[in-house]
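**Q** Mind having a look at this structure? Questions to follow.
Every number in this text was worked out from the coordinates using simple rules, so none of it is lab data. It should be emphasised that the depicted structure is a prediction, and the values quoted were computed from it without experimental measurement. Cβ placement follows ideal geometry from the backbone for every residue including glycine, while neighbour counts extend to all protein chains displayed.
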Amino acid sequence: MKFMVRLAVLMAIVSIADATTRVKDVAYVQGVRSQQLIGYGLVVGLNGTGDSQRSTFTMQSVTSMLKRFGITVPQNDLRLRNVAAVIVTSTVPGFSKEGGMVDVVVSSLGDASGLQGGTLLMTPLSGLDGAVYAVAQGPVSVGGIGVRAGGSEVRRNHTAAGRIPGGAILEKAVGGDMAKDWSVYVVLNQADFTTSTRIAEAVNQHFKDTVAVARDASTIAVRVPQEYRSDGKLVEFISAVELLEVNPDVAARVIINERTGTIVIGENVSILPVAISHGGLNIEIQSTPVISQPNAFSQGQTVVANMTTVAAGQDTTSVYAMNGAATVQDVARALNAMKVVPRDIIAIFQALKESGALKAELVII
């Protein structure tokens, strides 16, 4: 059973070298981008979980809002626990038009303990240029619960942030520029010279003309053919390019997460012949309570002490000769033959990298 668990952890392997994928899954068209928006607002209707009086900006915001409705209230007289100041963020896809609806994320800015049951008041959302692109409003969906009473608290998931599905209405269109001088630029999500060349070859083969040129490791310049330069044809041309299937190339990498013990081995990873010896020192500390009871009528006191015992031992291990591993299956088979746990495998990979036997990039996250 332990061997199967070890094998399941180790064999979290990315094997994509022989798999084809669409261009749109590994690249995007330059000029077609999303717009990030941000705004400051108030969430009302909370059940005593809002900002306290220490959050002075919340009090100032409520005072300013009431003035717009013709109500003047001194800030020092406000005692609010049902209102929370929040930051509202959203990402609008490219080519979105006026009247469209997008989701927003609402996050507490002050010391509110939860936004459960609250409603976001009308909040303008602006972009990097300072222009207002959308207005958000609506009930906040938290997806968690928090109950506090008598100094005790029960909390499930995070309650200081939530979402409003379709909570923002676009007031301004988000544009984009797909083609410049009748040239479309396809940009890879991860720069790679081989993948860039393969995409250019696939485009030229599909259109039976040299219309695509790989400019660098991440950019492929595609010239729009004459027959696609009329109205509506440009979108059809870009769609045809995005649907082309290519075989992306990836660098040999070993990804290690030391916090969780997760190991992901790429398809192109290989190991040179090497000898490995791995062992650990086991230290066991036991504490046993010892009670000293005084004799009768001695007027002594009962004393409780701890007797500590320390035992140390070295794991017995032998030197394992790895004849070399050319494929990721060979790597997994060789490491499983050593019968080590994932934590030990992480240490072995680090030592292999330092020795030069690991023919891959070692990434620790």
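**Q** Dipole of the stretch 35-170, Cα-centred, from +1 at each Lys and Arg C-beta and -1 at each Asp and Glu C-beta, to the nearest 20 debye?
**A** That gives a dipole near 280 debye.
**Q** A further question follows. Taking a cut-off of 25 Å between Cα atoms, list the lysines near residue 359, but don't count ones fewer than 8 places away on the same chain.
**A** Residue 359 reaches 339.
**Q** With Cβ to Cβ distances under 13 Å as the rule, what net charge do the other residues near residue 109 carry (K, R +1; D, E -1)?
**A** Summing Lys/Arg as +1 and Asp/Glu as -1 gives -1.
**Q** Of all GluC sites (Glu not before Pro) in the stretch 176-258, which ones are in loop regions per DSSP and have a Cβ with at most 15 other Cβ atoms within 10 Å?
**A** Within the stretch 176-258, the qualifying GluC sites (Glu not before Pro) (loop, at most 15 other Cβ atoms within 10 Å) are 258.
**Q** Continuing with the same structure: Would you mind ranking 55, 90 by Cβ crowding within 10 Å, fewest neighbours first?
**A** 55, 90
**Q** As a footprinting exposure proxy, order 231, 51, 216 by other Cβ within 10 Å, with the fewest listed first.
**A** 231, 216, 51
**Q** Could I ask something else about it? Report the local net charge at residue 361: Lys and Arg +1, Asp and Glu -1, summed over other residues whose C-beta lies under 12 Å from its C-beta.
**A** After counting each charged neighbour, the total is +3.
**Q** Please say if the stretch 35-170 is rounded, prolate or oblate, where rounded means a/c under 1.5 for a ≥ b ≥ c the square roots of the C-alpha gyration tensor eigenvalues, and otherwise the choice is prolate for a/b larger than b/c and oblate otherwise?
**A** It comes out oblate by the Cα gyration axes.
**Q** Moving on to the next point. In the structure shown, do any of 180/208; 208/233; 67/172 have a Cα-Cα gap over 25 Å, and if so which?
**A** 67/172
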